[in-house]
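Everything below concerns the one structure shown next.
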Amino acid sequence: MNDLIVSVDGPSGSGKERIAKYISNKYNLYHLDSGLLYRRLTYLILKKKINFNNKNELFFFLNSLTSLSLKKHKTLRKEVISKRTSIIATIPIVREFINNQQKLIVKKILKSKKGCVIDGRDIGSKVFKNAKIKLFIKVKTEIRAKRRHKQLIEQGEKSIYSKIFKDINLRDKNDKNRVVSPLVVPKKAIIIDNSYSFKNTIFQINKAFKKL
């Protein structure tokens, strides 16, 4: 189990983070949320008023950053950040920057931890192609929309289910059709259906880990 890398990929709102957290706690692995890195970078770009459509401006800004904070904050989960992140994350130099950040973080973590579980959209297909276990999470679109709608309401944000449903479909389309690192099922990935109870999902995960 030393230097174990587990990739957890899937579309927006599929529950990747919860699944990765479960794996992290169950198997004593470090959890890296790649989405957090993209959200943090988006937050900084908006805060610094960087024109992300200007390649040169964005390039120099990325080069000025040595690392990104992994500290979580509720601001990073706001819908405005989510929408901007889905756009900024399609930019090739942004994906290259975040991918490099992930590799540096994991390399450092593996010096003290026995392994890492990383969740995202292209972890098993692009960033860590040699991951020991590759999981791909699938959930019906309407279920993802209902869960996101409920989450936003609980956070005190205004939310309309039909709009959330439409936004998720658009994000799926953008993720699957982007030129760099499109959302795909990685080779040799195990499909986990997270549409039902989490108990059912845990059963599928533990079954996958028995292959180790």
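The table below lists the values:
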{"item": "From the options Phe165, Phe203, residue that is assigned to a helix (DSSP H, G or I) and either closer than 28 Å to Lys78 by Cβ or in contact with a His (Cβ under 9 Å, 6 or more places away or on another chain) (or both)", "result": "Phe165"}
{"item": "Some residue of the range 197-204 being buried (at least 16 other Cβ atoms within 10 Å of the Cβ), out of contact with any Pro (no Cβ under 9 Å at 6 or more places or on another chain) and at pLDDT below 95", "result": "no"}
{"item": "Subset of the range 128-175 that is β-branched (Val, Ile, Thr) and surrounded by 17 or more Cβ atoms within 10 Å (Cβ to Cβ) - its residue that is nearest to Thr90 (Cα to Cα)", "result": "Ile168"}
{"item": "Checking Ile143 against (1) within 21 Å of Tyr196 (Cβ to Cβ); (2) outside any helix (DSSP H, G or I), the condition it does not meet", "result": "(2)"}
{"item": "Helices (runs of 4 or more DSSP H) completely within the range 1-112 that count 1 or more residues being modelled with pLDDT of 95 or more and polar (S, T, N, Q)", "result": "16-27, 34-47, 55-64, 92-109"}
{"item": "Condition met for Ser34 (in contact (Cβ under 8 Å) with a residue 24 or more places away in the chain and in contact with a Gly (Cβ under 6 Å, 6 or more places away or on another chain))", "result": "yes"}
{"item": "Unique residue being in contact (Cβ under 8 Å) with a residue 40 or more places away in the chain, on the phi < 0 side of the Ramachandran plot and charged (D, E, K, R) when the list is Lys78, Lys55", "result": "Lys78"}
{"item": "Top-ranked residue of the range 104-127 - restricted to ones that are over 21 Å from Asn174 (Cα atoms) and among the small types (Gly, Ala, Ser), ranked as surrounded by the most Cβ atoms within 10 Å (Cβ to Cβ)", "result": "Gly115"}
{"item": "Yes/no for Val139 being without any contact (Cβ under 8 Å) to a residue 40 or more places away in the chain and under 18 Å from Asn169 (Cα atoms)", "result": "no"}
{"item": "The range 66-75: number of residues that are out of contact with any Lys or Arg (no Cβ under 9 Å at 6 or more places or on another chain), closer than 26 Å to Phe128 by Cα and touching a residue at least 24 places away in the same chain (Cβ under 8 Å)", "result": "2"}
{"item": "Hey, Ser7 of a type in the set (S, T, N, Q), in contact with a Gly (Cβ under 8 Å, 6 or more places away or on another chain) and under 23 Å from Ile109 (Cβ atoms) or not", "result": "yes"}
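The values are calculated or read from the model by the stated rules, or taken from the named source; none is laboratory data. None of the values given here were measured: they were computed from a predicted structure. Virtual Cβ from ideal backbone geometry, glycine too; neighbours counted across all protein chains shown.
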